Amino acid sequence: MDDFNRDSAYPDHPEPEWESAPPVGDSHLLIALFPDAAVQAAIEAHRKDWLWPAGRHFPRGPRMHLTLHCFGDQTQPVEKRLRDALARVPVQPMELMLDHSRTWNNHIAVVQPAEHPGLRALYKHISHAVQQAGILTDTPKFTPHITIARKATGAAYPMHMLPIPWRVKKFLLVRSFTGASFRHEVLASYEAK
């Protein structure tokens, strides 16, 4: 089993202080990067390299995303202010590299990108737009990741991950429904000029 790791085998990649949970309610707003079909397929291929416990849950490819902000549903006027503020966010194409995976809190499995200053800048600009719209949010330390499995207690991940290139050209504002109709409704797309 020396080709696999369990738990936090990389002390230089600390877990976030907390995994931001969706706000209470049947829906919430999410600002995120969504991988295209090729990146989704590469992530799904990477999941096959793990050792998974019974009962784990894999998010379907189209639901996988890298969260930039998440907060409760807003009134229509606030949502309009948010859309207007997000439209002013500068978006530059980025070449992200998903290059490592791990478990957090021993039950969430993630893939993470290599450090990228453009991603940090985008997060900062989006945080400013959210504030401009008048939305107050808790802002944990930004730890970019894509959740690839939940209920993953006991999962073991490969020591080495084949890097997955990901060309990012836009971010989305979506309403995420968490009740019986578990789905994302795209409200707006903000693309690189």
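The values are calculated or read from the model by the stated rules, or taken from the named source; none is laboratory data. Model, not experiment: these values are computed from the prediction. Here the Cβ positions follow ideal geometry from the backbone for every residue, glycine too, while neighbour counts run over all protein chains shown. Side chains are part of the model used for accessible areas, which takes the heavy atoms of the whole protein and leaves out ligands, DNA and RNA. Shrake-Rupley method; radii C 1.70, N 1.55, O 1.52, S 1.80 Å.
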5 angstrom amide H check on VAL89, placed H, neighbours 5+ away:
none
Rounded to the nearest 20 debye, what is the charge dipole size of the stretch 96-150 about its Cα centre when +1 sits on each Lys and Arg Cβ and -1 on each Asp and Glu Cβ?
60 debye
Nearest 0.05, what FRET efficiency do VAL78 and ASN106 give at R0 = 45 Å with Cβ-Cβ as r?
0.75
For the stretch 32-138, size of Cβ-based charge dipole, Lys and Arg +1, Asp and Glu -1, in debye
160 debye
Label-to-label distance, nm, for residues given as ASP26 and LYS151 (7 Å Cα→Cβ offset):
2.3 nm
How far is it, in nm, from the label point at HIS128 to the one at ALA87 when both lie 7 Å from their Cα along the line to the Cβ?
1.9 nm
Could you list the residues of the stretch 134-153 with an amide nitrogen less than 19 Å from a label point located 7 Å from the Cα of GLU115 in the Cα-to-C-beta direction?
141-146
Contact order relative to length of the stretch 72-193, as percent, for alpha carbon pairs under 8 angstrom and 6 or more apart
34 percent
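Which of the residue pairs LYS48/LYS151; LYS124/LYS151; LYS80/LYS151 have a Cα-Cα distance greater than 27 Å in the structure shown?
Numbers: LYS48/LYS151 16 Å; LYS124/LYS151 31 Å; LYS80/LYS151 36 Å.
Over 27 Å Cα-Cα: LYS124/LYS151; LYS80/LYS151.
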Once you put a point 7 Å from the Cα of THR178 and another 7 Å from the Cα of ALA192, both along the Cβ direction, what distance in nm separates them?
3.2 nm
Of the accessible area of the stretch 18-103, with the probe set at 1.4 angstrom, what percent is carbon plus sulfur?
56 percent
Residues with amide H under 5 Å from that of HIS100, placed H, sequence gap 5 or more
GLN112
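Only four residue types carry charge here, +1 at the Cβ of Lys and Arg and -1 at the Cβ of Asp and Glu. Report the dipole size of the stretch 98-189 about the Cα centre in Debye, rounded to the nearest 20.
Numbers: 11 positive and 4 negative charges, 28 e Å.
My answer is approximately 140 debye.
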